[in-house]
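First comes the structure, then the notes that go with it.
The values are calculated or read from the model by the stated rules, or taken from the named source; none is laboratory data. Fair warning: this is a prediction, and the values are worked out from it, not measured in the lab. Every residue, glycine among them, receives a Cβ derived from its backbone with ideal geometry; neighbour counts consider all protein chains shown. The area values use the complete protein model at the heavy-atom level, side chains included, leaving out ligands, DNA and RNA. Shrake-Rupley method; radii C 1.70, N 1.55, O 1.52, S 1.80 Å.
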Amino acid sequence: MFISQNPVTSEVLGRYESLNDKDLSSLLRDAHTAHNEQKAVLVTERCLMLKRFRILLNNNKELLAQTITAEMGKPITQARAEIDKSVLLCDFYAENVEKLLEPKTFLAEPFSVKLRHEALGIILGIMPWNFPVWQSLRFAIPAIMAGNAVLLKPAPNTALSVLMLEGFFSESFTIQVFKTVLADTTLVPKIIADPRVQGVSLTGSDKAGSKVGALAGKYLKKSVLELGGCDPFIVFPDADVMLAAKLAVHSRINNTGQTCIAAKRLLVHKDIYKEFKDYLIHLFEELKMGDPIQESTQVSSLARADIRDILHVQYLDALAKGAKAIVEGGLVQGNGFYYNPALLENTNKKMLVHRQEVFGPLLTIQSFKDARDAIDQANDNRYGLGASIWTQNASLQQQMESKLQVGYIVFNNFVSSDPRIPFGGIKQSGYGRELGDAGIHEFTNLKSILYS
């Protein structure tokens, strides 16, 4: 059973029965037919359909944003921003897909070589609840534009948002290339095993990624895994301290901290540590917690009770092992799953806040003495998704970009994915890339053709 329920009011927004084997068989048959039809459609026609989808998405921004807020508690201004970013994703692929899929030719004597990117088949997407529109579309759109058909399994608590997307695809695409799979996790192995399914993409926890990656390997299917992170935010003495602090808080608190690429570990040079910390405390104390539907709300309810429970365990574990709460967190009584934003120092790698992904408004801050120390602290973690680094020193930038064990680095700003730029991680943050040219090529067959 998929139940969409408002985390603040407990109102049930929708109940959806899970698929049975017969339903799944029909979905797979129809998706296979859709793939065979879609791959024969000219890329120019696919672009026209995507542009129609983009118009529907943009025209229904407020309705979709309100749905996201109701389903998982995202502050309404941030829900609107999620739709805006998704519109930019549509624009990027509509404008660039012809170039990205255009065959490449070159000489390799005695041959003339052509390289073609061709669709694979049905691609299964297993997507999370924290960005139900953006993360669904950043997987689905490039896969569909490459000629594949997509089956998307949403999180149980955000099925309504994804079903709305399916409606937009049905209106704008002449082929049913996007279908929602309301399947329990017990059906996932059967879907991946089906020979018509040629790939799987998962955004979620490293535990879920390990299981899906193992299944994909067992059945020899291409997989892309984005499994979260424990991203460092590294601040050197030549940084704009006030701006860095403001954007660190923005990064950590966005979506009430339920973001894989949020700044989770602040590493601040010892010479500016006190100044940075004092400003950070002030910013934390100024945060506005409230009803997500209010325009002024910055921190809202977490999406589910279990997410808040895990966060509280991580917070108490850090305190028990010697961390100091310079801004105290804790459970908020009343309706919803609210948690007071927390700022911790004196943390170490034995604590859960450094060994696990922290999904919620909790941030840690530590000092470092030099670049080598910053690199060692940043890399001493099982995740490797993104990193934000604050310095204008070109030599130092070069050193950091070559030494940090992550898939995505941003200098003098917070980490944020961009439709134009390949995105993904290493280590326990997963493998493969979404977005940009890499994102559309992940689920294609790179066919080499030699002419003599």
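With the condition kept exactly as written, say whether any residue in segment 98-115 is within 18 Å of R52 (Cβ to Cβ) and either open to solvent by 10 Å² or more (accessible area, probe 1.4 Å) or in a helix (DSSP H, G or I) (or both).
Yes, there is a match, as at least one residue in segment 98-115 is within 18 Å of R52 (Cβ to Cβ) and either open to solvent by 10 Å² or more (accessible area, probe 1.4 Å) or in a helix (DSSP H, G or I) (or both).
Being loosely packed, with under 15 Cβ neighbours inside 10 Å and either part of a strand (DSSP E or B) or not charged (D, E, K, R) (or both) is the filter here; which residues of segment 379-396 pass it? Those that are loosely packed, with under 15 Cβ neighbours inside 10 Å and either part of a strand (DSSP E or B) or not charged (D, E, K, R) (or both): Q392, N393, A394, S395. Output the number of residues of segment 423-440 satisfying the condition of being open to solvent by 50 Å² or more (accessible area, probe 1.4 Å) and closer than 17 Å to F139 by Cβ. Going through segment 423-440 one residue at a time, the tally reaches 3. Taken together, the residues in segment 180-211 that are closer than 15 Å to P154 by Cβ and in a helix (DSSP H, G or I) amount to 5.
The set of residues in segment 51-75 being in a helix (DSSP H, G or I) and buried (at least 21 other Cβ atoms within 10 Å of the Cβ) consists of F53, R54, L57, L64, A65, T67, I68, T69, A70, E71, M72.
Among the residues making up segment 213-229, those that are crowded, with 24+ Cβ neighbours inside 10 Å and among the hydrophobic types (A, V, I, L, M, F, W, C) are V224, L225, L227. For the residues K207, K190, the requirement of being of a type outside the set (F, W, Y), at negative phi, open to solvent by 40 Å² or more (accessible area, probe 1.4 Å) and within 21 Å of the chain's Cα centre (by Cα) singles out K207. For H269, the conditions (1) at pLDDT 95 or above; (2) open to solvent by 30 Å² or more (accessible area, probe 1.4 Å) are fulfilled apart from (2).
The selection criterion, being open to solvent by 50 Å² or more (accessible area, probe 1.4 Å), of a type in the set (A, V, I, L, M, F, W, C) and assigned to a helix (DSSP H, G or I), holds for L48. Total residues in segment 230-266 satisfying the condition of being open to solvent by 40 Å² or more (accessible area, probe 1.4 Å) and part of a loop (DSSP other than H, G, I, E, B): the figure is 3. Within 30 Å of I3 (Cβ to Cβ), open to solvent by less than 20 Å² (accessible area, probe 1.4 Å) and part of a helix (DSSP H, G or I): which single residue out of A143, A94 fits that description? When all the criteria are applied, what remains is A143.
Exactly one residue out of S301, S367, S296 is in a loop (DSSP other than H, G, I, E, B) and either within 30 Å of S395 (Cα to Cα) or open to solvent by less than 10 Å² (accessible area, probe 1.4 Å) (or both): that is S301. Does T9 satisfy the criteria of being surrounded by 16 or more Cβ atoms within 10 Å (Cβ to Cβ) and of a type in the set (S, T, Y)? Considered against the rule, which asks whether it is surrounded by 16 or more Cβ atoms within 10 Å (Cβ to Cβ) and of a type in the set (S, T, Y), T9 comes out as no. Within segment 332-339, is there a residue that is among the polar types (S, T, N, Q), at pLDDT 95 or above and surrounded by 15 or more Cβ atoms within 10 Å (Cβ to Cβ)? No, segment 332-339 has no match at all. Within segment 211-232, residues that are closer than 11 Å to I426 by Cα sit with their Cβ atoms under 8 Å from residues that are assigned to a loop (DSSP other than H, G, I, E, B) and among the charged types (D, E, K, R), at 6+ positions apart or across chains, in these pairs: G228/E357; G229/K264; G229/E357.
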